[in-house]
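Okay, structure first, notes after.
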Amino acid sequence: MAPPALSMKNASTFRIEHRVTVTVRAPASVVWSLLTDAAGFPAWNSTVTSIEGPIQKGQKLSLRVPTSERTFTPTVTELVPEARMVWSDGMAPMFKGVRTFTLADRGDGATDFTMEEVLAGIMLPLVKGSLPDFGPVFDQYAHDLKAEAERRAAA
């Protein structure tokens with residue numbers, strides 16, 4: 001079970017932001033290795049059924065989650081090893097989703113992990129009611145990442 005309410009949400013008519021931050025007692029290299037291993041994702045992350053495609057800049061991924069029949073196809077638009085990764089899907093100004101993963105080395109062997117999803121566009125008011133509550137999913141994602149990274153760092 002995920003810890004209570006790590007995530008935050010900000011919303012306006014044409015923009016929704018969801019963010020979760022957690023301190024992981026593992027080096028950024030360990031966290032990064034989990035975030036960039038597409039094939040290994042489902043083994044540690046209960047919010048992802050599968051990811052197909054290489055997690056490399058410019059590559060399109062095929063992402064499946066247990067809460068939807070839909071296959072998401074974000075493109076990796078930014079990749080800074082052990083620091084930042086961005087996935088984007090959709091087309092601005094109609095509707096676009098951007099997920100940003102950020103790692104910050106705390107200098108004590110721990111890493112602050114932040115994941116933020118921004119959904120924006122003129123179609124958002126029409127689809128907003130059909131979107132899931134990202135809070136519990138983001139909390140679970142952060143919990144799963146923290147648990148696996150800390151397990152690997154301790155091994």
Enter the angle in degrees (range 0 to 90, nearest 10) between the Cα long axis of helix 134-154 and the first principal axis of the Cα atoms of the chain, meaning the one along which they spread out most.
-> 20
Mean separation of Cα pairs under 8 Å and 6+ residues apart, divided by the residue count of region 40-110: what relative contact order is that in percent?
-> 18
Could you list, bin by bin from short to long, the percent of Cα-Cα pairs of region 14-70 in 5 Å steps?
-> 4, 15, 20, 22, 23, 12, 4, 0
With labels modelled as points extended 7 Å from the Cα through the Cβ direction, what inter-label distance (nm, one decimal) is found for LEU131 paired with ARG152?
-> 3.0
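Can you show me the helix-derived [θ] at 222 nm for the chain, built from DSSP H runs with n ≥ 4 at -39,500 (n - 2.57) apiece and divided by the number of residues, rounded to the nearest 500.
Details: 4 runs with 37 residues, N = 155.
About -7000 deg cm²/dmol.
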Taking Lys and Arg as +1 and Asp and Glu as -1, residues besides THR36 with C-beta under 15 Å from its C-beta add up to -1
Between MET91 and THR114, the FRET efficiency computed from the C-beta separation at R0 = 35 Å comes out, to the nearest 0.05, as 0.85
Any idea what the dipole of the chain comes to, in debye rounded to 20, about its Cα centre with Lys/Arg Cβ at +1 and Asp/Glu Cβ at -1?
-> 260
In region 1-75, the GluC sites (Glu not before Pro) that fall in loop regions by DSSP, at most 12 other Cβ within 10 Å | GLU69
Indicate the gyration tensor shape class of region 52-131 (rounded, prolate or oblate), computed on the Cα atoms with a ≥ b ≥ c the square roots of the eigenvalues: a/c under 1.5 is rounded; otherwise a/b larger than b/c is prolate and the rest oblate.
-> prolate
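For region 35-109, which trypsin sites (Lys or Arg not before Pro) pass both filters: DSSP loop (anything but H, G, I, E, B) and at most 12 other C-beta atoms within 10 Å?
ARG70
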When you take every Cα atom in the chain, what is the radius of gyration, and what is Dmax, the widest Cα pair distance, in Å?
-> 15.2, 48
Given a Förster distance of 30 Å, the FRET efficiency implied by the Cβ-Cβ spacing of ARG15 and THR71, rounded to the nearest 0.05, works out to 0.75
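Just so you know, all these numbers are worked out from the coordinates, no wet-lab data involved. Note that the structure is predicted; figures quoted are calculated from it, not measured. Cβ: placed from backbone, ideal geometry, glycine included. Neighbour counts: every protein chain shown.
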